[in-house]
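Worksheet: one structure, shown below.
The values are calculated or read from the model by the stated rules, or taken from the named source; none is laboratory data. Nothing here was measured: the structure is a model prediction, and the numbers come from that model. Neighbour counts are summed over all protein chains in view; Cβ atoms, including those assigned to glycine, are modelled from backbone coordinates with ideal geometry. The accessibility values were calculated without ligands, DNA or RNA, using every heavy atom of the protein model including side chains. Shrake-Rupley method; radii C 1.70, N 1.55, O 1.52, S 1.80 Å.
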Amino acid sequence: MSGFLAAAYDWVKAAHLIFVIFWMAGLFMLPRYLVYHQEALAAGNAAEAASWIEREGKIRKIILTPAMIVVWVLGLALALNLGLADGAPGLGWLHLKLLLVFLLTGYHGWTVGYAKKLAAGKPTLTGKQLRMLNEIPALAVTLIVVLVIVKPF
């Protein structure tokens with residue numbers, strides 16, 4: 001592999017994928033926690049709601065945010081190695097992948113913000129709406145994997 005990563009390219013790509021898995025696990029778990037937290041609030045169970053606040057904080061601080069940061073750092077290194085900044089041809093798939101990852105990052109931020117709303121006792125969505133929003137990471141990762149493997153454009 002050519003580029004500034006040279007022989008380290010495969011190792012960087014492997015680390016990137018490992019941290020993508022960690023990030024996705026967190027993006028699948030935190031929204032589910034939000035559903036349970038919101039249900040505890042609706043049931044008037046303050047003790048259970050408090051335990052969900054603690055769990056949400058731990059998953060955010062231990063898994064979700066650190067994994068996202070590593071994914072971005074390694075992913076940008078890989079993209080630059082492929083010639084993204086140089087205008088290399090045939091990287092349309094990478095542009096769309098980056099857009100989807102940017103949107104996933106926004107979703108990550110939204111879930112963290114909604115967790116803070118719930119911690120303040122101010123839910124703004126229904127349980128059904130939260131469950132529907134839980135599907136966003138699955139759709140995004142499906143599209144991203146197809147883009148990376150198939151490279152359709």
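Tabulated results
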{"item": "Some residue of segment 66-73 being touching a Ser or Thr at 6+ places or on another chain (Cβ under 7 Å) and either open to solvent by less than 50 Å² (accessible area, probe 1.4 Å) or in contact (Cβ under 8 Å) with a residue 60 or more places away in the chain (or both)", "result": "yes"}
{"item": "Meets criteria (under 15 Å from residue 28 (Cα atoms) and touching a helix residue (DSSP H, G or I) at 6+ places or on another chain (Cβ under 6 Å)) for residue 136", "result": "yes"}
{"item": "Selection within segment 115-153 - in contact (Cβ under 8 Å) with a residue 12 or more places away in the chain and within 15 Å of residue 41 (Cβ to Cβ)", "result": "115, 118, 119, 121, 123, 125, 127, 130"}
{"item": "Residue, farthest from residue 128 (Cα to Cα), within segment 34-89, restricted to residues that are part of a helix (DSSP H, G or I) and among the charged types (D, E, K, R)", "result": "61"}
{"item": "Residue that is out of contact with any Leu (no Cβ under 7 Å at 6 or more places or on another chain), surrounded by fewer than 15 Cβ atoms within 10 Å (Cβ to Cβ) and closer than 20 Å to residue 113 by Cα, where the choices are 47, 25, 42, 14", "result": "42"}
